[in-house]
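Chemist: Questions regarding the structure given below will be posed in turn.
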Amino acid sequence: MYATGLKCLDCGAAYPTTEKSPTCSKCQGLFEIEYDHDEMRKNFQKSELKASRTQGVWRYGKALPVRKEFKVTLEEGSTPLVETSNVVPGIRLFAKLDYVMPTSSFKDRGATVIVSKARELGVTSLAIDSSGNAAASLAAYASKAGIKCYAFVPSYTDTRKIVQISAAGAKVIKVKGTRTDTHEVTEAAYKRFGWYYCGFMVSPYATAGSKTIAYEVCEQLEWNPPDWIALPVGTGSGILGCYNGLTELAKLGWINKVPKLICVQPNGCAPIASAQKDGAAEIAPVMTPTTIAEGLSVGSPAKGRLVLEALKNTGGLAEVVTDQEILQSAQLLASKEGLFVEVSSAASAAGISKLVKSGVIRCGETVVCILTGTGLKSHKEYTKFVPEPIEIEPRLESLDQHLKPLQ
């Protein structure tokens with residue numbers, strides 16, 4: 001393990017990797033994990049992967065901040081990278097199907113590392129606030145590890161996600177109000193009862209797990225990185241993890257360029273994208289998010305400033321899309337490519353389409369679109385454009401009456 005400690009991003013205070021507090025005790029700043037990349041470069045070679053039988057997130061275990069004997073895994077990762085030619089013409093577009101996971105969400109990348117770290121620290125109870133997917137993922141891994149899990153979700157969270165969380169044995173607490181209200185209640189609870197907080201909004205281990213997206217994409221493209229990588233952004237842990245992975249690969253000498261990152265957010269909740277477009281250094285919170293993209297409804301992302309830095313450092317940018325554009329992309333992905341994704345997930349494709357039309361992404365460039373969740377978690381949104389099935393009687397006349405006109 002090449003993680004050497006934690007560092008506060010605000011005051012610079014140093015902490016050991018055994019620290020259990022989610023933020024700096026001196027200033028409440030966020031932590032970043034520090035690594036000895038010189039030692040990693042000497043002892044972690046790209047050639048090792050060719051001989052390795054390990055797949056998924058832990059294929060890159062040497063780059064993760066947990067000792068391997070504490071690993072808690074459901075064999076997540078190694079998700080397909082599919083070339084798609086029917087969604088956005090003019091570019092070479094790959095879809096990274098990061099919903100092909102044990103809990104049908106890319107959050108499993110972060111959850112496996114968070115829960116593994118909790119196990120290493122001897123934690124007995126976890127707490128998380130989430131719009132659904134992160135809590136479902138954490139609950140599954142906590143169940144695997146035999147650790148109690150308390151999941152706080154906004155009251156508007158889709159019932160399917162709540163059922164998934166509860167089925168894994170977690171205690172679900174619904175909070176009346178916004179995603180921010182949910183976070184504030186969770187914070188009060190974990191401090192009061194001494195639970196280990198695992199919110200993806202602040203956890204450096206969620207970011208560490210997400211950096212394996214970058215490792216996988218680059219390996220799947222034979223270490224020839226794409227020009228752009230687009231992600232739908234809520235808390236920011238996914239895009240920030242991708243950025244960390246890409247810059248780490250560059251430090252290790254495994255890739256010769258870092259792709260430009262695209263942060264896509266819905267116009268009803270676009271605090272990071274708005275700040276990037278306005279050239280602002282700080283994030284202005286969205287007090288009352290209004291969007292069908294439930295998973296992106298994070299009005300005050302704690303990692304927002306870090307995402308802005310990642311976009312700047314890669315020469316990337318942010319894009320804002322409407323709910324209608326998101327729905328159209330979801331429909332196109334399903335009907336033209338067979339990719340049935342969560343509506344929140346389709347935002348990345350909508351952003352790419354918009355940037356191609358405006359000429360920002362040029363013809364012939366290679367773009368990777370990260371698709372983060374399954375459409376099975378977006379039933380109510382899909383009913384807005386999916387036609388009702390035809391119902392027929394089990395008689396030959398019924399076939400002629402209802403199906404012949406469809407020929």
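The values are calculated or read from the model by the stated rules, or taken from the named source; none is laboratory data. Predicted model, so just to flag it, every value in this text is computed and none were measured. Here the Cβ positions follow ideal geometry from the backbone for every residue, glycine too, while neighbour counts run over all protein chains shown.
Chemist: Cβ-Cβ distance below 9 Å, separation of 6 or more or different chains: which pairs start in segment 61-79 with a residue that is under 15 Å from Ile114 (Cβ atoms) and of a type in the set (D, E, K, R) and end on one that is surrounded by fewer than 22 Cβ atoms within 10 Å (Cβ to Cβ) and modelled with pLDDT under 95?
Modeler: Arg67/Met1
Chemist: Can you name every residue in segment 45-60 that is within 19 Å of Val113 (Cα to Cα), in a loop (DSSP other than H, G, I, E, B) and either in contact with a Phe, Trp or Tyr (Cβ under 9 Å, 6 or more places away or on another chain) or among the polar types (S, T, N, Q) (or both)?
Modeler: Thr54, Gln55
Chemist: If you take the residues in segment 9-32 that are assigned to a strand (DSSP E or B) and either free of Cβ contacts under 8 Å to residues at least 24 places away in the same chain or small (Gly, Ala, Ser) (or both), which one is surrounded by the fewest Cβ atoms within 10 Å (Cβ to Cβ)? Full working, then the answer.
Modeler: To start, the set of residues in segment 9-32 that are assigned to a strand (DSSP E or B) comprises 14-15, 31-32.
From what is left, the residues that are either free of Cβ contacts under 8 Å to residues at least 24 places away in the same chain or small (Gly, Ala, Ser) (or both) are 14-15.
Working: Ala14: 11, Tyr15: 17.
Selected residue: Ala14.
Chemist: While we're here: Got at least one residue in segment 129-145 being in contact (Cβ under 8 Å) with a residue 40 or more places away in the chain, over 25 Å from Glu19 (Cα atoms) and not small (Gly, Ala, Ser)? Can you show your working first?
Modeler: Of all residues in segment 129-145, those in contact (Cβ under 8 Å) with a residue 40 or more places away in the chain come to 129-134, 138, 140-141, 144-145.
From what is left, the residues that are over 25 Å from Glu19 (Cα atoms) are 131-133.
After this cut, where a residue has to be not small (Gly, Ala, Ser) as well, the list is 133.
Yes: one or more hits.
Chemist: I'm checking my understanding of the structure. Among residues of segment 68-115 that are among the acidic types (Asp, Glu) and surrounded by fewer than 24 Cβ atoms within 10 Å (Cβ to Cβ), which one is farthest from Ser203 (Cα to Cα)? Talk me through it step by step, then tell me what you get.
Modeler: Keep residues of segment 68-115 that are among the acidic types (Asp, Glu), which gives 69, 75-76, 83, 98, 108.
From what's left, surrounded by fewer than 24 Cβ atoms within 10 Å (Cβ to Cβ): 69, 75, 83.
Details: Glu69: 21, Glu75: 21, Glu83: 32 Å.
Restricting to residues being among the acidic types (Asp, Glu) and surrounded by fewer than 24 Cβ atoms within 10 Å (Cβ to Cβ), the top hit is Glu83.
Chemist: Separate question: Can you find even one residue in segment 176-190 that is aliphatic (A, V, I, L, M) and buried (at least 19 other Cβ atoms within 10 Å of the Cβ)?
Modeler: No, segment 176-190 contains no residue that is aliphatic (A, V, I, L, M) and buried (at least 19 other Cβ atoms within 10 Å of the Cβ).
Chemist: Would you be able to tell me the number of residues in segment 219-237 that are of a type in the set (A, V, I, L, M, F, W, C) and either surrounded by fewer than 24 Cβ atoms within 10 Å (Cβ to Cβ) or modelled with pLDDT under 95 (or both)? Can you show your working first?
Modeler: Going through segment 219-237, the residues of a type in the set (A, V, I, L, M, F, W, C) turn out to be 221, 223, 228-231, 233.
Those left that are additionally either surrounded by fewer than 24 Cβ atoms within 10 Å (Cβ to Cβ) or modelled with pLDDT under 95 (or both): 221, 223.
The qualifying residues number 2.
Chemist: Oh, and also: Does Tyr197 count as over 21 Å from Gly236 (Cα atoms), among the hydroxyl-bearing types (Ser, Thr, Tyr) and surrounded by 15 or more Cβ atoms within 10 Å (Cβ to Cβ)? Spell out the reasoning first.
Modeler: Values: over 21 Å from Gly236 (Cα atoms): no; among the hydroxyl-bearing types (Ser, Thr, Tyr): yes; surrounded by 15 or more Cβ atoms within 10 Å (Cβ to Cβ): yes.
Against the criterion (over 21 Å from Gly236 (Cα atoms), among the hydroxyl-bearing types (Ser, Thr, Tyr) and surrounded by 15 or more Cβ atoms within 10 Å (Cβ to Cβ)), Tyr197 does not qualify.
Chemist: Pull up segment 168-200, narrow it to residues that are aliphatic (A, V, I, L, M) and either without any contact (Cβ under 8 Å) to a residue 12 or more places away in the chain or in contact with a helix residue (DSSP H, G or I) (Cβ under 7 Å, 6 or more places away or on another chain) (or both), then point me to the one that is farthest from Lys71 (Cα to Cα).
Modeler: Restricting attention to segment 168-200, the residues satisfying the condition of being aliphatic (A, V, I, L, M) are 168, 170, 172-173, 175, 185, 188-189.
Among the residues that remain, those that are also either without any contact (Cβ under 8 Å) to a residue 12 or more places away in the chain or in contact with a helix residue (DSSP H, G or I) (Cβ under 7 Å, 6 or more places away or on another chain) (or both) are: 168, 170, 172, 175, 188.
Details: Ala168: 19, Ala170: 20, Val172: 25, Val175: 32, Ala188: 29 Å.
Here the answer is Val175.
Chemist: Please count how many residues of segment 262-299 are surrounded by fewer than 18 Cβ atoms within 10 Å (Cβ to Cβ), in a loop (DSSP other than H, G, I, E, B) and out of contact with any strand residue (DSSP E or B) (no Cβ under 7 Å at 6 or more places or on another chain). Give the derivation first.
Modeler: So the first thing to find is which residues in segment 262-299 are surrounded by fewer than 18 Cβ atoms within 10 Å (Cβ to Cβ), and the list is 267, 274, 277-282, 284-285, 287-288, 290.
With in a loop (DSSP other than H, G, I, E, B) added as a condition, the list becomes 267, 279-282, 284-285, 287-288, 290.
This time we only want the ones that are out of contact with any strand residue (DSSP E or B) (no Cβ under 7 Å at 6 or more places or on another chain), so: 279-282, 284-285, 287-288, 290.
Summing the residues that are surrounded by fewer than 18 Cβ atoms within 10 Å (Cβ to Cβ), in a loop (DSSP other than H, G, I, E, B) and out of contact with any strand residue (DSSP E or B) (no Cβ under 7 Å at 6 or more places or on another chain) in segment 262-299 gives 9.
Chemist: Counting residues that are of a type in the set (D, E, K, R), which helices (runs of 4 or more DSSP H) fully inside segment 119-237 reach at least 2?
Modeler: On the way: elements: 133-145, 159-167, 179-193, 204-210, 212-220.
Once the helices (runs of 4 or more DSSP H) in segment 119-237 are filtered for at least 2 residues that are of a type in the set (D, E, K, R), what remains is 159-167, 179-193, 212-220.
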